[in-house]
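Inspection log for the structure reproduced underneath, given as structure tokens.
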Amino acid sequence: MTKQSLPTLDDVAALAGVSTATVSRTLNFPEKVREGTRIQVTKAVRELGYSPHFGARYLASNRTNTVGAVIPTMENSIFAYALQTVQEALADNGITLLVATSQYNHAQEEEQIRTLISRGVDGMVLIGQKRSESVYSALRMRELPYVLMWLHRQGSPHASVGFDNFRAAQAVAARVLELGHRRICMIAGHTQGNDRAAERVAGVRAELVAAGLPLEPPFYTETDYNFEDSARAARKVLALEPRPTALICGNDVIAVGVVQAARQMSLRLPDELSIVGFDDIDLAQVMDPPLTTVRVPHRRMGAETAKMLLQLIRGEAGPRSVEFEAPVVERASLGPAPTVARE
């Protein structure tokens, strides 16, 4: 079919037996059209295969019915699960989700945000709070609603849905200490430009320092979020004398690599070494042994983020901040410190 033969708004109106204004209103504001009329127009649109012209639709309603999201990576399933929930809720409201990944690169994230703004998105979903003030200025200048996911901070000026990374990391470190561990190491993700990773490190460090255990190299190291690099980091840490009895990992992906390294070194888990993670990805439950971790409520965050963003886009009143709990889920990878290692 050539461009000239594509169905038009007039064609839809004629087939549905309504005016072009009614067709336009049905497409842009379906909640304002009577159900019978909406059914007629929708049927005509489907029969003709009509697709609204993006530019014309934007000019008519000042809305594109699209929302942009920039996430660090698709390689960690926890982000994908959360965005799936966001997408489902938005789709129920006739809104399309456009997704970009930054690979934890702030310059790349900023470019993607500006690109999505230029595409005329009606709102934005972002992960974490730490980014250039110029980005927030650009969002404010265009009065573009946005919601930050994956963190919660008291007094933040930004709409956010998440949990307290610092407090959750404190809780998991406290449990490790309760089980008698004193030679404790942390392998974190890179904290530069990543406020979630930085707050998890700060939470673990605060709990250990309070117990008289400074968290410093070589008992603290950072790595990329992949199995190979985290396993390499673990082998270096586990070669220390005396060897750590517990490893706290910045997320579950790192923890999987640590478990692999421990197995290669023939360490018995958790008898000789305890390992804990953060996120509670699906793999955490089926590992051998199953992983003790912090459960991040990714699906609930996604649903609440979509709800809050829709309210902001529509100018409706609603909460500007929602905090979820992120509890420690204890499984077999964490056990008491070996008796000879207790001090």
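How many percent of all Cα-Cα pairs in the stretch 260-343 sit more than 22 Å apart?
47
Calculate, for Arg46 and Ala206, the FRET efficiency according to 1/(1 + (r/R0)^6) with r their C-beta to C-beta distance and R0 41 Å; round to the nearest 0.05.
Plugging the Cβ-Cβ distance into 1/(1 + (r/R0)^6) gives 0.10.
Restricting to DSSP H runs of at least four residues, report the calculated mean residue ellipticity at 222 nm for the chain, -39500 (n - 2.57) per run over all residues, nearest 500 deg cm²/dmol.
After summing the helix terms and dividing by the residues of the chain, the value is -14000 deg cm²/dmol.
Run the dipole for the stretch 187-343 about the Cα centre, Lys and Arg Cβ at +1, Asp and Glu Cβ at -1, nothing else charged, and hand back the magnitude in debye, nearest 20.
The dipole of the stretch 187-343 has a size of about 120 debye.
Of the DSSP beta bridges with both residues in the chain, give the percent that are antiparallel, rounding to the nearest 5.
For the chain, the DSSP antiparallel bridge percentage is about 5.
In degrees, nearest 10, range 0 to 90: what is the angle between the Cα axis of helix 298-314 and the longest Cα principal axis of the chain?
That helix lies at roughly 40 degrees to the long axis.
Between the stretch 131-171 and the stretch 66-108, what is the C-alpha centre distance in whole Å?
What the calculation gives is 16 Å, centre to centre.
To two decimal places, what compactness ratio does the stretch 106-152 give when its Cα radius of gyration is scaled by 2.2 N^0.38 Å?
The stretch 106-152 yields a ratio of 1.05.
So what is Rg over Rh here for the chain, counting just Cα atoms and using Kirkwood for Rh?
1.11
Over the alpha-carbon set of the stretch 168-317, work out the extent along each principal axis and list the three values in angstrom, largest first.
60, 33, 28
Using a 1.4 angstrom probe, figure out how much accessible area the chain has per residue, in square angstrom, rounded to the nearest whole.
On a per-residue basis, 47 Å².
Putting +1 on Lys and Arg Cβ atoms and -1 on Asp and Glu Cβ atoms, find which of Gly250, Ser333, Ala16 reaches farthest to the positive end of the dipole of the chain.
Ala16
Any chance you could get the radius of gyration and Dmax over the Cα atoms of the stretch 154-204, in Å?
13.0, 41
In the neighborhood of Thr292, defined by Cβ-to-Cβ distances under 11 Å, what is the net charge if each Lys or Arg adds +1 and each Asp or Glu adds -1?
Local net charge: 0.
Please give the net charge around Ser137, taking every other residue with its beta carbon less than 13 angstrom from that of Ser137, where Lys and Arg add +1 and Asp and Glu add -1.
+1
The values are calculated or read from the model by the stated rules, or taken from the named source; none is laboratory data. These figures come from a predicted structure and were not determined experimentally. Glycine gets a Cβ as well: all are built from the backbone with ideal geometry, and neighbour counts include every protein chain shown. Surface accessibility is based on the protein's heavy atoms, side chains included, excluding ligands, DNA and RNA. Shrake-Rupley method; radii C 1.70, N 1.55, O 1.52, S 1.80 Å.
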